[in-house]
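Engineer: Have a look at this one before I ask anything.
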Amino acid sequence: MSDRQIDQQLVERAQRGDKHAFELLVTKYHRKLERLLSRLIRDPAEIEDVAQEAFIKAYRALPNFRGDSAFYTWLYRIGINTAKNYLIALGRRAPTSTEFDSEEAEGFEDATGLRDINTPESELATKQIAQTVNDAIAALPEELRTAITLRELDGLSYEEIAQIMNCPIGTVRSRIFRAREAVAEKLRPQLGTTKDKRW
Amino acid sequence: MRASDLPARCRWLPVLAFGAACSAAAAPPGNDPLEWLQRAAQAARNASYAGTYAHSNGDRASTIRITHIAVGNDEQERIEPLDGPPHEIVRHNDDMLCYFPDAKTVRLDRRVSARFFPAIFSAPAATVAANYQASLGKTESVLGFDCQWIKLEPKDALRYSQSVCSEVTSGLIIRSKTFNAQHQVIEQYTFTELRIGQAVPRNEVKSTFEARVKRWSTDARPREEAKGAETGWAVNDPPAGFQKVSELHRTMPGRPAPVSQIVFSDGVASMSVFVEPNSAPPRTSEASSEDGTTTFFVHPMGDTLVSVLGEVPLATAQQVARSVARRP
Amino acid sequence: MTQEISSLMDGELGAQEAGRVVQACCASEDQKQAWYVYHVIGDAMRGHAPRDTFPHRTLEALREQPVVLAPRRRIAVDTPFMRVALAAAASVATIGVVGWLGLQGGQIGGSAAPIAKATQPAAAGGATNVAANVPAGVPADGTVAVSSNQPVLNVQDYLTVHRQIPSPEFYRQVSSQAPATTR
C-alpha cells in the first residue's frame, strides 16, 4: 500500500470526526513540513509557529480535501501559502511562486545542498540521529534488517516481503516491528521529545 | 435444465470405479447423437476435472486454467486466465466472484448471458435439436482421451455451425469449434492438458487471491442487476429458436443511467440486446463489426439506440435489433 | 500495541482494526512516541536529515479545535454518473466505485474493437427491413470515416457485459482506495 493510500485512510477517518487520525498525520509530517518551510523562513521559532498554523488550517479545511491529490501535496500548498502570508504580514518578501511548484511536493527530497535549521547544535544532533539509525540498522540480525529495508527503502507491502523472504506475513510483521524497536531503543535517549525543548 | 432433469441422477465416479453402480447415462450412448449431446451437456456440470485450455476467437487467443468439481447438486469452479494481469473467477453454481488483485476489487455477478467452456450447452438436447441437425462425426484421440465428434448443423442461416468433441467415458467436451457460413473456423476451444474424474482437491477451486489482499473493494452491483428487471422493451421478432433467457439493467461506463439488456439463447449461441438513450452525441446510422464469434450491430432508432452483441451471424443480429420496440 | 502501530504506519491493518488502533494509540504517550520514532527511523534510512521536533504545541493547538466532520467526502468522485450508479446500488453492501474512475468517457484498456464497418443488410436470413442508413463515402478498408460524424462506439463495453468477465484493466486501481464499508 502506497504512502498516499495510507495517508488517505487516515484522512478519511479524520473527515469522519476522528481527530486522533489527524494527530497521527501531524506527527508524521511535522518535520517534513518544517524542513520545507525552512526554505522560506530562517528563524526556527517562526518556522514552528507557521507549521502549527498550517496544520490547523489544514484541519479546518478537511471538508475541502477530496483525495484528488496526495494529502502531503495538499498540506504542502497550505504550508507554502501560510508561510507567504506570514512573510507579507511582517513586511518581508516571499520568494517567487515559480520556485514552489506543487509538483515538487510529491518528490520532495532534501537537496544535498539544502541547509537545514542552522544552529550548530541542531546540525550536530541531526547528524547524530542519522548516524545512530544507520549504525543500529547495520547491527540488526540479517532477517530484521532485510525486512525493514524492503519496507522502508523499497516500499514493499508485507505480502510482497513475505514472498521475497519466503515466510508468513505474520513473520514479516513481527520482524519489521522488532527492527524498529531495536533501533528505537538506541535512538530514544537522543531524542529530546520533552515538552519544553525547542531548537 | 439441471441434473434433476435426468431420470436417474448420476454422479461422476472416480475413474477407478468407472462402470460401477451408475445409470445408463454414464455408459457410452451408442449411436444417438442426441444422447451424446445430453451427456456432453451434463458432463460439464457433473464431472470433476482440472486442466488448461486454449481459446481462440477471431484474432485473439488466450489460455485458461480451469478446475471444476461437482459436490452433490452443486458445482464449484475456478478459472484463471493466464494472459494479462492476474485475475480469476470463482464460481459456485451460477454465482461468480471475479477477483482482480491489482485493483483490489472483487466483482460479484450471476451467470445470465455468457457462454462458457466446456459448458457450451445451456438448454436440453431437445431444444438444441430443434435448431441444429445433430450427427456423429469421427472419433479422435486428444491428450490420450478418446473423444467423439458431434456435429451441429444449423437448420437455418440464423446461427453458426458447431462441432464438439465429447470424451467417450465422461462425455466432457474437450474440443469445440464454431464455423461460419464459409466453413471457416471462427472460434475454437481445446484442452491442452486435462485430468478428468480423479479426485480434485477442494482447495483448487478456491480463490488464490483472496487471502493476499488485506482489503477488497467489492463491486456487487452486477449481482444485484443480474436478479433481473422489467426494462419496458421487447424484441417483437426474435429469430426462430431463440428464447429470451434474461431481462435486466446493466450499469455501463460513461452512461448516466443503467442500460437495458435482454438476453436470448438457442441453447448454443447467445445474444445480448442492449437498449439505451441515443445521445451524447446521437448516432444516425447503423454499423457493425464481426470478430470471430463476436458479432456486434448497432441500430439507432430515433431517441433510442439498440445494439446487439452475440455469437450469431450478422443477419441475426440485424433482425433482432430492428425488431426492438417498447413493451405496450 | 506498539506492534500494531508499526503495522498501522505501513497500511497493513484492516479498516476496522486500523480504526481501533488509531483510537487507542493516541491515549498514551508511549504510543504517540512510537509512531513518531518509527517515522524518524524511516526518514533517516532514506537519507532525510531528521530533525527532532515532536510537535507538542501543534498537537495541543489541535486539541483545542472543534472536531471537523466532513462525512460526504467518503465518495471519491462526485459526478452525475456516480450519483445514479450509487443510487442504483443503494442496497448493495459495499461500494467499489473507485473502479469506475478511469472509465469516464474513455475506452477500457485491452483490445477494444471499434466499429469496423457500416454494412448493407445481409441477403440471407430474411431481414425484411431494408433501410440501412449507410453514410456515403465509407472507406473501403472498413473504418468509420471521421467525417460521417458518428461517435465511436466501444464494443468492448458491451462485450464485457455480455461475457460477464471484465478484463483486469476494467478495475483500474485508483491510488486513493476507499476501504470497503457498509452503507
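Coordinate-derived values only; no laboratory data. Bear in mind the structure is a predicted one, so any value in this text is a computation, not a measurement. Cβ coordinates were reconstructed from backbone atoms using ideal geometry, including for glycine residues, and neighbour counts include every protein chain displayed.
Engineer: Using the Cα atoms of chain B, I'd like the radius of gyration and the largest Cα-Cα distance, Dmax, both in angstrom.
Structural biologist: 20.3, 65
Engineer: What FRET efficiency comes out for B:Arg195 versus B:Ala54 if R0 is 25 angstrom and r is the Cβ-Cβ distance? Round to the nearest 0.05.
Structural biologist: Values: r = 17 Å, r/R0 = 0.67.
Given R0 = 25 Å and the Cβ-Cβ separation, E is 0.90.
Engineer: Would you mind ranking B:Ser163, C:Ser6 so that the residue whose beta carbon has the fewest other beta carbons within 10 Å leads the list?
Structural biologist: Numbers: B:Ser163 18, C:Ser6 24.
Listed from fewest to most nearby Cβ atoms, that is B:Ser163, C:Ser6.
Engineer: Please give the length that would be gained between C:Arg20 and C:Gln3 if that part of the chain were fully extended, namely 0.36 nm times their separation in residues minus their C-alpha to C-alpha distance (nm, one decimal). Show your work: numbers first, answer last.
Structural biologist: Numbers: separation 17, 0.36 × 17 = 6.12 nm, distance 1.35 nm.
Roughly 4.8 nm would be gained on extension.
Engineer: Right, here's the next one. What is the order of B:Arg107, B:Arg283, B:Arg327, fewest Cβ neighbours within 10 Å to most?
Structural biologist: Working: B:Arg107 26, B:Arg283 21, B:Arg327 10.
The most exposed by this proxy come first: B:Arg327, B:Arg283, B:Arg107.
Engineer: Pop the C-beta distance of C:Val68 and A:Arg92 into the FRET formula with R0 = 35 Å and round what comes out to the nearest 0.05. Don't skip to the end; give the middle numbers.
Structural biologist: Details: r = 31 Å, r/R0 = 0.89.
Calculated value: 0.65.
Engineer: Also: Given points 7 Å out from each Cα along the Cα-Cβ axis, report the C:Arg57 to A:Leu124 separation in nanometres with one decimal.
Structural biologist: It works out to 2.4 nm between the two label points.
Engineer: When only Cα pairs under 8 Å and 6 or more residues apart are kept, what is the percent relative contact order across segment B:53-160?
Structural biologist: RCO, segment B:53-160: 12 percent.
Engineer: Among the lysines, which have Cα under 19 Å from the Cα of A:Lys84 when same-chain residues fewer than 8 positions away are ignored?
Structural biologist: A:Lys32, A:Lys57
Engineer: What spacing in nm lies between the two simple spin-label points modelled at B:Leu82 and B:Ala157, each 7 Å away from Cα in the Cβ direction?
Structural biologist: 4.1
Engineer: Quick check of the Kirkwood formula: for segment B:52-170, what is the inverse mean of 1/r over all pairs of different Cα atoms, in Å? Write out the running numbers ahead of the final one.
Structural biologist: On the way: mean 1/r = 0.0599 Å⁻¹.
After inverting the pairwise mean of 1/r, the radius is 16.7 Å.
Engineer: Now for a separate question. What number comes out for the charge environment of B:Ala129, summing +1 per Lys or Arg and -1 per Asp or Glu over other residues with Cβ under 12 Å away?
Structural biologist: Residues near B:Ala129 contribute -3 overall.
Engineer: With 5 Å bins from zero, work out the P(r) of segment B:227-328 over every alpha carbon pair and list the percent per bin.
Structural biologist: Values per bin, smallest distances first: 3, 13, 25, 26, 21, 9, 2, 0.
Engineer: Mind checking the mean number of beta-carbon atoms from other chains within 10 Å of the Cβ atoms in B:244-253? Spell out each step's value before the answer.
Structural biologist: Values: counts 0, 0, 0, 0, 1, 1, 6, 7, 8, 16.
Mean shielding count: 4.
Engineer: For A:Arg39 and A:Cys167, what does the FRET efficiency come to when R0 = 56 Å and r is the distance between their Cβ atoms, rounded to the nearest 0.05? Could you put the intermediate results ahead of the total?
Structural biologist: Details: r = 43 Å, r/R0 = 0.77.
With R0 = 56 Å, the Cβ-Cβ based efficiency is 0.85.
Engineer: Jot down the per residue volume, in cubic angstrom and as a whole number, of the convex hull over the alpha-carbon atoms of segment B:109-149. Don't skip to the answer; put the middle values down first.
Structural biologist: Details: hull volume 4.2 nm³, N = 41.
About 102 Å³ per residue, rounded to a whole number.
Engineer: If neighbour count is taken as other Cβ atoms inside 10 Å, put B:His87, B:His92 in order from fewest to most.
Structural biologist: On the way: B:His87 24, B:His92 13.
Lowest count first: B:His92, B:His87.
Engineer: If you don't mind, another one. Identify all lysines with a Cα-Cα distance to B:Lys177 below 18 Å; exclude those on the same chain that are fewer than 8 residues away in sequence.
Structural biologist: Counting by Cα, and skipping residues close in sequence, B:Lys177 has these lysines nearby: B:Lys138, B:Lys151, B:Lys155.
Engineer: Quick one: compute the contact order of chain B, relative version, from alpha carbon pairs under 8 angstrom and 6+ residues apart, as a percent. Mind dumping the intermediate values first?
Structural biologist: Numbers: 761 pairs, mean separation 54.9, N = 328.
Relative contact order comes out at 17 percent.
Engineer: How tilted is helix B:33-46 with respect to the longest principal axis of chain B? Cα atoms for both, answer in degrees (0 to 90, nearest 10).
Structural biologist: With rounding to tens, the tilt is 90 degrees.
Engineer: Also, I was wondering about something else. With equal scatterers on the alpha carbons only and no solvent term, can you work out the Debye log10 of I(q)/I(0) for segment B:128-217 at 0.23 1/Å?
Structural biologist: Relative scattering, expressed as log10 I(q)/I(0), comes to -1.12.
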